Structures are given as structure tokens and as C-alpha cells.
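All of the numbers you see were taken from the coordinates with simple rules; none came from a lab. Just so it is clear, the structure is predicted and the values come from calculations on it, not from any experiment. Backbone-built Cβ (ideal geometry, glycine too); neighbour counts: all protein chains shown.
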């Protein structure tokens, strides 16, 4: 109980020290918040795109465009063969007339389509595979491409593989950015604590003279670094949340034009907690390095 009261006392004094220099403290907190908001914002963007990737990739499909002039008997025979295939879960036939009608209604090209001499669209089968593995999908597409009456087979989820490669690149970039900025924040805290130690040199000498341990002297500096880190994490959370709100407002108008409800994800409770813990750790780490390097150099005279 006594130890807890001591920690609370040190925490209260640390907070008072922060408030005693409001502008300097606010500037340090903002610098920390802005630095942390960059990788956190990148992480949120990647998570949002990844959720879209997962949602679109749940139902991969292969479009089989039939050769022009394919007869009804050949179309039915191909459909029976597709439905009997062990790697295909569902088969949907789309007649060329139905495709043209749908294009006319959805694309706003009624005048252009009405002026066509003939229907340029082919009959098509939409195939829904059982396996979502990229290699299996490629093998199935190649197999279906070789079937009679099939002029072209298109794997509609092929672009998702490119998106996944871009996401992997983005993850590496965000991780490197986070590592560099984390090092910078540790260095900032290191320098802040170093200045505090030099400012309180005489106080530290007196404390050592009356028998204070290094742990006792180190504690307020560690709390200062940790508290500054937590406040910087809160500033980063507020910045990211505010920016996401602004972007989602504009993105909502854009998504509505494409009949989509896509929006950028907000930070979850787990993400927010991890951000605060990580920012506190960076502040504590910078303070610990600084105190460890400079405290032993101060001895009572």
C-alpha cells in the first residue's frame, strides 16, 4: 500500500511538472502525436483495403465468353459439362440479349445501344469454383479455356492478387515508417529527459547524498517519459479519428456513385489500446536510456 501511494505521488508530481511548462509540453505531445499518426493512419488504410479484398475475394468467379455463332445445343452441352465438374460449385448462364438489356439499363448508354446494328456481346457462363486458392483457380481457368465453344476464359478475381501484392508492399512500408519514427520519438524523449536531469542536477546530488537509491531518483523521469508518450498516443488517436471522419464523409459521396458502401475503418478498441501502450513504452524507453546514461555521471560532491 505504501509503495502504491509512492507511485501515485510521483505520478502526481510528474503531471504537475508537465503542466508547469504547458507550451513546451504541448509541443512535445503534438510532435509525438503527429509522428505516431503517420504509421497508424497507414495501418488503418491497409486494414480497410484488406477488408475490401477479403470481401471481394470470398466469391471468386470465372467468366466464360462463348464463341460467336455457338448453337443452343452446344451451349446446353457445355453447361452440363460445367455442372458435372468436381471443381465447380455453381454455374450461371447469361444470354447475350440479357447482357445487352442489363448494360442498357445500368450504364446510361441507351442511345448508343439503340443505334447498334446488332448485339456485339457474346453468350457467357459465370462459373463459381469450389476452391479459392490462386493456383487452383488459375489451373481451372486454363482447363475451361480449352473447352469447346469457349472463346475466352477470364478469372475475375485475378486483380485481387495484384491488390494483395500491393498490400504486402504497403505493410512493409508502414512497418519501416513506424520503426524510423519510433526511433525518432525515443531520441526526442531521450533529449528531453537529459535536459531535465541537467536542470535538476543539484537536487539529484542532494538526494544521493542523503542515501536515495538510483531507482528512487530514476522513477520520476521514467514516469515523465511514459506520461508524455501516453498523451502523444492520445493526440495521435484524435488526429487519426478526425482525419478518418473527414475522409469518410467525402468517400461516402464517391462510393454512392458506384452503388457501394465502402468506408475507411475506424480504430478498434484493441488497436487504440495497443497504440497507447506502444506510445507509453516509447516514452518510457527513451527516458530509461537517458537516465541510465546520465544518472551515473552525477555524484554528490
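Points to keep in mind about this one:
- The label point for residue 77 and the one for residue 61, both projected 7 Å from the Cα toward the Cβ, are 2.6 nm apart.
- For region 158-220: rounded, prolate or oblate by the Cα gyration tensor [a/c cutoff 1.5]: prolate
- With a Förster radius of 41 Å applied to the beta-carbon distance between residue 195 and residue 169, the computed FRET efficiency rounds to 0.55.
- Between the beta carbons of residue 19 and residue 209, assuming R0 = 41 Å, the FRET efficiency works out to 0.90 to the nearest 0.05.
- At an R0 of 30 angstrom, the distance between the Cβ atoms of residue 126 and residue 162 translates into a FRET efficiency of 0.90.
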